[in-house]
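Throughout, read-outs are computed from the coordinates displayed, never taken from laboratory work. Note that the coordinates shown come from a computational prediction; the quantities given were computed from them, not determined experimentally. Glycine also receives a Cβ, built like all others from the backbone with ideal geometry; neighbour counts cover every protein chain displayed.
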Amino acid sequence: METLTIDIQNEQEKKVLLAFLDSLNYQYHTDDDYQLTDEQEKEMVKRKEDFLAGKTTSRPWSEIRKKYEGV
């Protein structure tokens with residue numbers, strides 16, 4: 001099996017390409033194809049609720065990356 005990466009410029013191109021692949025019965029996946037298990041979904045909801053309630057905080061990715069640069 002080979003992987004082909006395509007940079008799509010806009011939604012119209014994406015629709016046309018996916019319709020073409022569907023017409024050929026090709027199996028494919030897009031970057032936005034993902035599924036969470038029920039457990040993962042519950043955890044995401046809990047974390048969001050905790051964040052919105054002020055129980056947790058967030059930091060910019062640059063700060064986190066800097067902390068672990070030497071790891």
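Some points to look at:
- Cα long-axis angle, helix 38-52 against the chain (0 to 90 degrees, to the nearest 10): 50 degrees
- Farthest positive-ward along the stretch 11-67 dipole, Cα basis, beta-carbon charges - from L21, W61, Y34: W61
- Label corresponding to Cα Rg over 2.2 N^0.38 Å when calculated from the structure given, among (i) 1.06; (ii) 1.73; (iii) 1.02: (ii)
- Rounded FRET efficiency, nearest 0.05, which uses the C-beta distance separating F20 from A53 and R0 of 35 Å: 0.15
- This model, with +1 at the C-beta of Lys and Arg and -1 at the C-beta of Asp and Glu, gives the chain a dipole about its Cα centre of some 560 debye.
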